[in-house]
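Just below is one structure, and these are the notes that go with it.
The values are calculated or read from the model by the stated rules, or taken from the named source; none is laboratory data. For clarity, every value in this text was computed on a predicted model and none was experimentally measured. A quick note on method: Cβ atoms are made from the backbone with ideal geometry, for glycine too, and the neighbour counts reach across all protein chains shown.
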Amino acid sequence: MNASSSLRMPARALIACGIAAAASPAHADFIYARLVPGPGLEANGLSRSVDVSAGGRTVVFESNANNWVGDTYNGTRAIAVDLDTGVVEAVSALGGTVFRGASPAVSGDGRYVAFLTLNSAFGPNWQVLRKDRQSGELALASATADGQAPDTGTEDNTVSISADGRYVAFQTVAAMTGAADQPDGASAPAGSSGEIYVKDMVTGQVKMASVTANGSASGGTCSLEPHALSASGRHLSMLCGSAMVAGASSGQAYVRDLQSNTTELISRSTSAANGSSAFVYRPAISPSGRFVSFQTRGYGGLGYADGASETSNSGLYLRDRQAGVTIPIPRPPALPSSSYDSCAVSAVSDIGSVVFHCNYAWVGPGSYPQVFLFVPGAGSPEMISGTTGGQPGNNSAGSSLGVNASGLSMAWESSASNIDPGDHNGVSDIFVLVDESVLTDVIFAYGFEN
């Protein structure tokens with residue numbers, strides 16, 4: 001099913017609320033801002049589930065606020081913001097009417113956005129749609145090879161999209177008739193998370209991605225996580241409970257090569273060739289497909305950041321698939337040693353820089369998760385979600401986050417109210433940290449003062 005729609009605010013209708021130019025020498029050319037619907041306005045509902053285009057100019061997220069484009073829908077909609085022009089668009093819109101849109105993922109240049117919707121004309125339960133923001137066309141991405149929506153819908157957790165918008169990844173327990181690498185009529189076991197599929201929006205082909213090294217389906221033991229599909233659509237990262245390669249430990253991170261039809265164990269090292277002895281969580285792949293970040297405990301056998309102590313670990317690791325090495329990301333110095341292994345959600349760029357969140361402290365003031373940046377070879381991770389004075393935010397940050405291919409455009413959700421002096425809406429907002437070189441027509445000129 002295809003349809004066309006457009007619901008946009010004019011250029012410069014969206015103005016970022018200025019916090020300050022980044023004060024750190026490492027961020028001398030970065031702009032730090034909270035996104036708001038316009039001058040003197042705040043989003044009148046929470047915003048979350050953020051993603052950043054590989055090019056760095058487009059940020060997408062879901063929001064309960066109806067003043068982004070002035071619609072009347074009472075619910076969650078998918079929003080796209082062009083950081084360069086200031087254009088804001090309700091992506092989950094048809095014929096000028098906004099409808100439910102969740103967990104959006106954006107293509108490399110921002111043209112295409114894939115998102116989840118519920119009980120729409122496109123199909124029952126949760127389905128995945130792809131919006132062409134240039135033509136306004138909406139298309140069903142969670143469709144079988146013959147264009148039918150899966151009768152049980154898809155999982156309601158996340159979607160992923162390639163840089164050119166051609167490939168969309170989703171997960172379902174339904175029988176995806178005509179899917180490559182899967183017998184017709186086969187479906188994942190009842191009660192499981194389903195199998196992971198990648199839809200080719202040009203040819204219509206659907207290919208199973210949650211496939212073991214010997215070619216069999218996972219049996220519903222894998223999960224699709226944010227930032228799962230590489231820019232080319234060739235590589236997909238996933239978390240699987242069962243061994244997807246011979247000899248692997250349970251609960252590991254993998255990458256499926258959809259071109260060579262191979263499955264690779266990611267959460268491993270020279271000393272732990274069969275994977276971490278601790279369960280792995282939240283793998284994320286870089287646009288190039290070279291790097292994969294993931295979470296696991298330091299006692300899993302993948303190494304210590306200082307070579308000796310578990311307390312030096314952040315809880316995150318970075319796998320360089322090209323070099324064949326896995327490095328433990330150090331615990332940020334801002335975290336007390338008792339907060340080792342407390343880091344979780346992450347996204348990774350093509351230079352191997354990782355944006356991630358960690359629990360700042362387990363108890364007491366500042367015990368909320370904060371967002372940190374790690375750049376290989378540039379020293380310890382640095383907190384980037386704090387105030388311009390270096391204090392942590394006074395509420396949770398980083399439940400969702402994203403980074404572009406160059407590592408110069410980052411975004412995250414935060415419920416902190418002490419970052420922007422004008423923040424009084426009492427809900428989570430979207431914050432961005434963007435190098436000025438990414439933008440040509442900086443919308444942040446309004447309201448920014450040191």
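Brief remarks on what is shown
- Taking the stretch 290-378 as the region of interest, the strands (runs of 3 or more DSSP E) fully inside it that hold 1 or more residues being over 21 Å from Ile266 (Cα atoms) and without any contact (Cβ under 8 Å) to a residue 60 or more places away in the chain are 354-359, 369-374.
- Candidate set: the stretch 67-103, residues that are among the acidic types (Asp, Glu) and assigned to a loop (DSSP other than H, G, I, E, B); chosen: the one modelled with the lowest pLDDT: Asp84
- Filter result for Tyr317 (within 26 Å of Asp51 (Cβ to Cβ), touching a strand residue (DSSP E or B) at 6+ places or on another chain (Cβ under 7 Å) and at pLDDT below 95): no
Matching residues to (1) charged (D, E, K, R); (2) closer than 23 Å to Asn418 by Cα; (3) in contact (Cβ under 8 Å) with a residue 12 or more places away in the chain:
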{"position": "Asp29", "(1), (2), (3)": "yes, yes, yes"}
{"position": "Arg34", "(1), (2), (3)": "yes, yes, yes"}
{"position": "Pro39", "(1), (2), (3)": "no, yes, yes"}
{"position": "Ala43", "(1), (2), (3)": "no, yes, yes"}
{"position": "Ala54", "(1), (2), (3)": "no, no, yes"}
{"position": "Thr58", "(1), (2), (3)": "no, no, yes"}
{"position": "Ala65", "(1), (2), (3)": "no, yes, yes"}
{"position": "Gly70", "(1), (2), (3)": "no, no, yes"}
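- Count of the stretch 402-420 residues which are part of a loop (DSSP other than H, G, I, E, B) and either in contact with a Cys (Cβ under 9 Å, 6 or more places away or on another chain) or hydroxyl-bearing (Ser, Thr, Tyr) (or both): 4
- Qualifying residues in the stretch 84-129 (those that are within 19 Å of Val173 (Cα to Cα) and aromatic (Phe, Trp, Tyr)) - the one surrounded by the most Cβ atoms within 10 Å (Cβ to Cβ): Phe115
- Condition check for Gly407: buried (at least 19 other Cβ atoms within 10 Å of the Cβ) and small (Gly, Ala, Ser): yes
- Residue satisfying all of: in the stretch 24-60; on the phi > 0 side of the Ramachandran plot and modelled with pLDDT of 95 or more; surrounded by the most Cβ atoms within 10 Å (Cβ to Cβ) among these: Gly56
- Selected residue (criterion: modelled with the highest pLDDT) from residues of the stretch 191-240 that are farther than 21 Å from Ala278 by Cα and acidic (Asp, Glu): Asp200
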